[in-house]
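What follows is a set of notes on a single structure, which appears directly below.
The values are calculated or read from the model by the stated rules, or taken from the named source; none is laboratory data. All figures in this text were calculated on a predicted structure; none of them were measured in a lab. We place every Cβ from the backbone using ideal geometry, glycine too, and count neighbours over all the protein chains shown.
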Amino acid sequence: MLNGTGYPSSGLNDTIQVTIGILGGYLHCGHSFSRTDASFALLPFLSQSRRYRLPCPDAALQGAFVEHQTALERLDLRQGMDGTSEARRRIDRKVRVVLVKTKEDLDVCHALIIPGGESTTISLVAQRSGLFQPLKDFIHAQRKPVWGTCAGAILLSRTVVGAKKGGQELLGGMGVVIERNGWGSQVESFEAPLQVPGLRDPQTPFTGIFIRAPVILSLDQSSFSSPSPPQTLPPSIEIIACLPSDVIPHAKPLFLPSLSTSSSSSSTSELHTHTLANPNLYPDHHPDPHKNTQGTDTQGIGIETTQGIVALRQSNLFLTTFHPELTDDTRFHEFFVRECVMPCILQISKKNETIE
Amino acid sequence: MTSPASTPIPQGVGSAATPSVAPTRSVQRDGTPSSSLGTFGVKSGLAQMLKGGVIMDVVNAEQARIAEEAGACAVMALERVPADIRAQGGVARMSDPAMIKEIVEAVTIPVMAKVRIGHFVEAQILQAIGVDYIDESEVLTPADEEHHINKHNFKVPFVCGARNLGEALRRISEGAAFIRTKGEAGTGNVVEAVRHERAVQSEIRKASAMSEDELYAFAKEIQAPLHLLKETARLKRLPVVNFAAGGLATPADAAMMMQLGCDGVFVGSGIFKSGDAAKRARAIVQAVTHYTNPKILAEVSENLGEAMVGLTIDDQLKGGHLASRGW
């Protein structure tokens, strides 16, 4: 039963089960990572949208979704919530994970993760499976929370540089210009410790795994690509994480002419330090970046200072150019659920209450 | 750092990133690594990103573009596809770097290239020109009849072929971040790939039911490093991504290998030795996506034109049994 909000309506005392979709998904029979516990449902590729709990679904889009699934299933949603709050009572402890291969799968999701993989392949396969337009609606019309990692981040960007010949289809949504394989080929793939103030336990660095990762070339908040009502300004971009300036791998000459003139150290394979000279860029200069969601913390960040940005958020959309799912650390998954998904769900459930 | 004790256990699905023995480039002045290139995490991580995809053999930029448009998740750049190597004979070597570079320029997806077994200098060359993955392949003529390349010494990740669990784990202990079945390349005959995948799966099932005492004996029997065998038994799968390769020619072949438990497939001669390469390439990508849906498999298998010529695998096989190369 669906109401106007597109979410299954919940009565006043029903528990809300947070459902997060992961684009793609396949599991093999007998593999250690196939789960059949009660919190996990698969909606396989079947015309009659009956619900199955089978270890063998029918389709696989391309990419690394099992890792995301494992991370999401480890989260405890009630942890850290106010012990007496109404929300805590009503939110189911476990996230329900749906592997999204069809429009029907997508319709039951509160939020979506687009995993890493090859953005060209994911986009082509999504188009052939008839998922592309539903995904666009999910982002632009329904404005539900979406997190893109690596290839997913490329799909969420407004413009891509270094796309395959003839261009490639993007979902769009975030005012970001992104360059595919911006650091170079696989030989330039790297790991780096990230200081992320927005996470739980911010003192512990988060190991960012960058695999043929995209690079954010510029931020553009003025042309949010969704059809938002003219009176509302596009949501501002909030920077969540940056590379420490001393570990920015710099394997190729700078891509911006204005910079290469000012740079004497743009030779290959040298550490590159000056592009992040702007201290405003570092989130740790904002003791509490979440106070700044409507603020101006990205103003003044020119095109030349964006190279080190590896995680950012614009309203309900979230992107990371690295792969939090490849580590055991679930703090980024926690962040996405806490900051992007939960506010959305609580808002919807309040709306439902007033309707009732 | 190549003794088994110091070799990092490669992570499988969802496990932690382990520090690597690979040389790191960026080291802070005080000597603590601040950013590390070529760790096992990023090597096996790229393979994770290829899962559910098709990797296609291509011999020029034009074929690479066809593969990319069909939805290949990576391409394998080589001078002659295995079917030609088999037909023409002679020593098969690494491809011309200029031709590989051309393919790297033409596409945005990862580009792999083959080196001869044990030929570490060919691997150094490929790393220098920036290929994304190296296949230490039995399809080329081996350069060393005893040693494989010490793959820990490279920043670029390696994929290696295997016929059984012992061989797969030996390759992983040498630093391979990605395993494929050997199959019998260039034959268009899937029987060997099936045999190898079934062997790996059945040995994993056997190992995962064993007690620790039995694992010691089993490790000796299959000549696998014990720590990797234990990890495999615990995970109930190989600790790295496992693709099918060698002899796949049709969408049905690809789907069968997926159902047998592979994470994705390599298609070598099967695509560009067939009648309508673009159509067959797309069909195989679709088949890997919808590998358990026979209705869709039927649709994509229609009117694909001529498949590559298949060869029977017997003692008279022209070009010999490639799978027996590697030790």
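Go through segment A:74-85 and give me each residue that's modelled with pLDDT under 75 and under 24 Å from A:VAL108 (Cβ atoms).
Answer for segment A:74-85, where residues must be modelled with pLDDT under 75 and under 24 Å from A:VAL108 (Cβ atoms): just A:MET81.
Would you tally the residues in segment B:259-285 being away from chain A (no Cβ under 14 Å) and aliphatic (A, V, I, L, M)?
Of the residues in that region, 3 qualify.
Say we look at segment A:195-219 and pick out the residues that are assigned to a strand (DSSP E or B) and of a type in the set (Gly, Ala, Ser); which of these is farthest from A:PHE336 (Cα to Cα)?
The qualifying residue farthest from A:PHE336 (Cα to Cα) is A:SER218.
What do you reckon, is B:ILE55 within 14 Å of chain A (Cβ to nearest Cβ), within 16 Å of the chain's Cα centre (by Cα) and either part of a loop (DSSP other than H, G, I, E, B) or not charged (D, E, K, R) (or both)?
yes
Which condition breaks for A:LYS103 when tested against (1) within 11 Å of chain B (Cβ to nearest Cβ); (2) within 25 Å of B:ILE296 (Cβ to Cβ)?
(1)
If we keep just the residues of segment B:103-119 that are of a type in the set (Gly, Ala, Ser) and within 20 Å of the chain's Cα centre (by Cα), which is nearest to B:GLU145 (Cα to Cα)?
B:GLY118
Quick one: B:MET256 ticks every box in (1) within 13 Å of chain A (Cβ to nearest Cβ); (2) touching a residue at least 40 places away in the same chain (Cβ under 8 Å) bar one, so which box is it?
(1) is the only condition that B:MET256 fails.
Tally time: how many residues in segment A:181-216 are away from every other protein chain (no Cβ under 14 Å) and either among the acidic types (Asp, Glu) or farther than 17 Å from A:PRO244 by Cα (or both)?
Of the residues in that region, 2 qualify.
Please work out if B:GLU122 is modelled with pLDDT of 95 or more, under 17 Å from the mean Cα position of the chain (by Cα), crowded, with 17+ Cβ neighbours inside 10 Å and outside any loop (DSSP other than H, G, I, E, B).
It is false that B:GLU122 is modelled with pLDDT of 95 or more, under 17 Å from the mean Cα position of the chain (by Cα), crowded, with 17+ Cβ neighbours inside 10 Å and outside any loop (DSSP other than H, G, I, E, B).
Considering segment B:118-138 alone, what residues qualify as being within 14 Å of chain A (Cβ to nearest Cβ) and touching a strand residue (DSSP E or B) at 6+ places or on another chain (Cβ under 6 Å)?
B:ALA123, B:LEU126, B:VAL131, B:ASP132, B:TYR133, B:ILE134, B:ASP135
Of everything in segment A:130-180 that's within 14 Å of chain B (Cβ to nearest Cβ) and on the phi > 0 side of the Ramachandran plot, which residue is modelled with the highest pLDDT?
Per the stated criteria, the residue is A:CYS150.
For the subset of segment B:103-117 comprising residues that are β-branched (Val, Ile, Thr) and away from chain A (no Cβ under 14 Å), which member is farthest from B:THR141 (Cα to Cα)?
B:VAL115
Of these, B:ILE100, B:ILE85, B:ILE66, which one is over 16 Å from the mean Cα position of the chain (by Cα), in a helix (DSSP H, G or I), away from chain A (no Cβ under 13 Å) and of a type outside the set (Asp, Glu)?
B:ILE85
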